[in-house]
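A.B. asks: Here's a structure for you.
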């Protein structure tokens, strides 16, 4: 495994430099001759409408470089994703505008998707999901290039190549999967099932400016100065899981779920250049990971149910909440009400942390009970 994984050192979003990188990626993945007159879906990370310098979404200059290289070889790129929340033309236009995607589209760099229809796709061999609701923009694609943003994640510890595919599921429909698959391990298997039925032709990860800490939206921007590329999204996620957590990585959500499917998670660490290892020194991962691992994947369910209230992390609404209601609209368990500010009924909270992930004002913090702090 991993001999297809490519690493490129890049410290900024200079479009010309990125075009050279993408051209080399296409060459090494034999993609140049496959692009002529093909519609190519650029599956960005558009979690919400946010400025590129906040490192929440795929950088627009990164997307421009990929789009220009596709057009150089005769392809027709179009950008699409389904952010959290309502999935309609109004919400898409807002998210595109805030994230810096509209201006390049108007300049002819790529097309933007405004189709909010979806279809049902069977996954009969899936471990956890036997069918998916999928955004119809996927049907237009002859090829899919996955363009994730390298970030930590409060639920799955890391969001990258595989997790980015969740944006193929329309808007609020994502909440159904969180509610049905409350254990982290089950949720990861569902996303691996999705990858089985919709496999990107290529993944190019924006790891130039990523996020550490309480990702995917409330963390801190961090320079990783790396572009990753592979036709194998699973291999990419294994290696980046290692970079984030080093020798602890095998017990983390993605490697564990991948291993349970009979796929290798061991690899020759020598494939990673020294400069990449230096860029990933002392990465701060989410506060929630260790307690969630213990409860969801280490203890029998009766015991975990008993102790979770003593150590389970919980979302707390901060004073800067403006009662916008986005968290309540997107809460899978429907346990958030809006008064002067948002209020969470923790007795029904499933700890998916969608409230933290989708809050545009960073007004949700994940906190441990006292015993959780002592243990972790």
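The values are calculated or read from the model by the stated rules, or taken from the named source; none is laboratory data. Remember, predicted model here, so these are calculated numbers, not experimental data. Note: ideal-geometry Cβ built from the backbone for every residue, glycine included; neighbour counts use all protein chains shown.
A.B. asks: The conditions are (1) at pLDDT 95 or above; (2) assigned to a loop (DSSP other than H, G, I, E, B); (3) surrounded by fewer than 18 Cβ atoms within 10 Å (Cβ to Cβ), and residue 1 fails exactly one of them. Which is it?
C.D. replies: (1)
A.B. asks: Sticking with this structure for a sec: Residue under question is residue 131, and the condition is that it be touching a strand residue (DSSP E or B) at 6+ places or on another chain (Cβ under 9 Å), farther than 24 Å from residue 325 by Cα and in contact (Cβ under 8 Å) with a residue 60 or more places away in the chain; does it hold?
C.D. replies: no
A.B. asks: Which residues, taken from the range 53-87, are without any contact (Cβ under 8 Å) to a residue 60 or more places away in the chain and either over 24 Å from residue 37 (Cβ atoms) or assigned to a loop (DSSP other than H, G, I, E, B) (or both)?
C.D. replies: 60, 61, 73, 74, listed by residue number.
A.B. asks: Then there is this: Quick check on residue 272: is it under 26 Å from the mean Cα position of the chain (by Cα) and modelled with pLDDT of 95 or more?
C.D. replies: Taking the combined requirement at face value, the residue satisfies it.
A.B. asks: From the list 332, 369, pick out the single residue that is surrounded by 15 or more Cβ atoms within 10 Å (Cβ to Cβ) and out of contact with any strand residue (DSSP E or B) (no Cβ under 9 Å at 6 or more places or on another chain).
C.D. replies: Going through 332, 369 in turn, just one is surrounded by 15 or more Cβ atoms within 10 Å (Cβ to Cβ) and out of contact with any strand residue (DSSP E or B) (no Cβ under 9 Å at 6 or more places or on another chain): 332.
A.B. asks: Look through 64, 56 and report the one residue that is over 28 Å from residue 328 (Cα atoms) and assigned by TED's automatic domain parsing to the domain that holds residue 117.
C.D. replies: Selected residue: 64, the only one of 64, 56 that is over 28 Å from residue 328 (Cα atoms) and assigned by TED's automatic domain parsing to the domain that holds residue 117.
A.B. asks: So, in the range 363-376, of the ones that are at pLDDT below 90 and part of a loop (DSSP other than H, G, I, E, B), which residue ends up nearest to residue 175 (Cα to Cα)?
C.D. replies: Filtering first and then ranking leaves 368.
A.B. asks: What number goes with the only condition from (1) modelled with pLDDT of 95 or more; (2) surrounded by fewer than 20 Cβ atoms within 10 Å (Cβ to Cβ) that residue 176 does not pass?
C.D. replies: (1)
A.B. asks: Moving on. If the requirement is being in a loop (DSSP other than H, G, I, E, B), in contact with a helix residue (DSSP H, G or I) (Cβ under 6 Å, 6 or more places away or on another chain) and modelled with pLDDT under 95, which of these qualifies: 360, 315, 332?
C.D. replies: Of the residues listed, the single one that is in a loop (DSSP other than H, G, I, E, B), in contact with a helix residue (DSSP H, G or I) (Cβ under 6 Å, 6 or more places away or on another chain) and modelled with pLDDT under 95 is 332.
A.B. asks: Output the residues belonging to the range 29-53 that are within 22 Å of residue 98 (Cα to Cα), out of contact with any strand residue (DSSP E or B) (no Cβ under 9 Å at 6 or more places or on another chain) and surrounded by 15 or more Cβ atoms within 10 Å (Cβ to Cβ).
C.D. replies: The answer is 48, 49, 50.
Condition check ((1) in a helix (DSSP H, G or I); (2) in contact (Cβ under 8 Å) with a residue 40 or more places away in the chain; (3) touching a helix residue (DSSP H, G or I) at 6+ places or on another chain (Cβ under 9 Å); (4) crowded, with 19+ Cβ neighbours inside 10 Å) across all residues:
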residue: 194; (1), (2), (3), (4): yes, yes, yes, yes
residue: 200; (1), (2), (3), (4): no, yes, yes, yes
residue: 203; (1), (2), (3), (4): no, yes, yes, yes
residue: 206; (1), (2), (3), (4): no, yes, yes, yes
residue: 210; (1), (2), (3), (4): no, yes, no, yes
residue: 215; (1), (2), (3), (4): no, yes, yes, yes
residue: 218; (1), (2), (3), (4): no, yes, yes, yes
residue: 221; (1), (2), (3), (4): no, yes, yes, no
residue: 226; (1), (2), (3), (4): no, yes, yes, yes
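A.B. asks: Looking at the range 8-28, which of its residues are in contact with a strand residue (DSSP E or B) (Cβ under 6 Å, 6 or more places away or on another chain) and buried (at least 17 other Cβ atoms within 10 Å of the Cβ)?
C.D. replies: Passing the criteria: 8, 10, 21, 25.
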